[in-house]
1. Can you pull out every residue in the stretch 94-110 that is open to solvent by less than 30 Å² (accessible area, probe 1.4 Å) and β-branched (V, I, T)?
2. Of these, R164, R234, which one is in contact with a Phe, Trp or Tyr (Cβ under 9 Å, 6 or more places away or on another chain), farther than 25 Å from V72 by Cβ and open to solvent by 30 Å² or more (accessible area, probe 1.4 Å)?
3. Quick check on my filter: what residues within the stretch 192-211 are of a type in the set (A, V, I, L, M, F, W, C), closer than 22 Å to D131 by Cα and in contact with a helix residue (DSSP H, G or I) (Cβ under 9 Å, 6 or more places away or on another chain)?
4. If I filter the stretch 150-161 down to residues being in contact (Cβ under 8 Å) with a residue 40 or more places away in the chain and within 15 Å of the ligand (Cβ to nearest atom), which single residue comes out as most open to solvent (accessible area, probe 1.4 Å)?
5. Would you be able to tell me the number of residues in the stretch 190-225 that are in contact (Cβ under 8 Å) with a residue 40 or more places away in the chain and among the hydroxyl-bearing types (S, T, Y)?
6. Could you check the stretch 191-211 and list, in sequence order, the residues that are within 16 Å of the ligand (Cβ to nearest atom) and either within 14 Å of the chain's Cα centre (by Cα) or basic (K, R) (or both)?
7. Given the conditions (1) under 18 Å from G116 (Cβ atoms); (2) assigned to a loop (DSSP other than H, G, I, E, B); (3) within 16 Å of the ligand (Cβ to nearest atom); (4) not polar (S, T, N, Q), and given that M228 satisfies all but one, which numbered condition is not satisfied?
8. How many residues does the stretch 94-117 hold that are of a type outside the set (A, V, I, L, M, F, W, C), in contact with a strand residue (DSSP E or B) (Cβ under 6 Å, 6 or more places away or on another chain) and in a helix (DSSP H, G or I)?
Amino acid sequence: MKPLIGISGSIIIDQGGRFPGYDRAYVNNDYVQSVLRGGGIPFILPVLEDDETITMQAQAMDGLVLSGGHDVNPLLYGEEPRLKQGTPFPERDHSETILAKEMIRQGKPVFAICRGIQLLNVAYGGSLHQDLSYMETESLKHDQYHNPSQETHTITTEPNSVMREQFGQTTLTNSFHHQIIKEVAPGFKATAYAKDGVVEAIEKIGEDGFVLGVQWHAEMMTKKHESMQRLFDRFVEEAKTRRKK
Ligand code: MN
């Protein structure tokens, strides 16, 4: 049996067509395809509000992908919203926080991407810069806007990390974010940085498994860049190893 991989979903509201204003539960298909190529069975986990049901979603899965999207609500890390904060989605913050904590409590792998790394960091007590312009020094361009699979900036990995094992000292990534990690959550360490010091990956300390977040959209690169698919492969392999152990 292949491992069951939950991908946290979102809700998109139809802007036109037959049902303007209609809610749809969804994930971008690149997540699904990357998990599938890695040998997992992908499941979309819709945003739910009932804690018990969300916990059971997590219990049913062998691994969790926290997907990209909305800015995390700054109230969750003790800040009021600043001018460049995007529209939050509190129900999604809530359901993903429960999903992530339940998976980690059970020793199951979590792979957090873009918003996912931010959510994971905040869920464990870290904080964010609500916009790159709120950094003390000028940052590089971290939102390339177009060409999802294109590499635009360098990252440098830290020794003794999954990042170093997977990518060596440096690699290139895409970048589609305007928020960044300010303080890394207790119990986690930054394991990759952009050249301007922006945290591009975090990993849970003392974890012999796989609890890891990346700030770039790895799933958008997997088709063209083998090293990015290999990160999914490793994540799915961890889920498989830990399944019913
Ligand atoms: Mn970046």
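1. I104, V110
2. Sole residue among the options that is in contact with a Phe, Trp or Tyr (Cβ under 9 Å, 6 or more places away or on another chain), farther than 25 Å from V72 by Cβ and open to solvent by 30 Å² or more (accessible area, probe 1.4 Å): R234.
3. Those that are of a type in the set (A, V, I, L, M, F, W, C), closer than 22 Å to D131 by Cα and in contact with a helix residue (DSSP H, G or I) (Cβ under 9 Å, 6 or more places away or on another chain): A192, V198, V199, A201, I202.
4. E151
5. 1
6. Listed by number, the residues that qualify are K195, V199, E200, A201, I202.
7. All conditions pass for M228, except number (2).
8. 2
The values are calculated or read from the model by the stated rules, or taken from the named source; none is laboratory data. Remember, it's a predicted structure, so these values are computed and weren't measured experimentally. Glycine gets a Cβ as well: all are built from the backbone with ideal geometry, and neighbour counts include every protein chain shown. Accessible surface areas use protein heavy atoms only, side chains included; no ligands, DNA or RNA. Shrake-Rupley method; radii C 1.70, N 1.55, O 1.52, S 1.80 Å.
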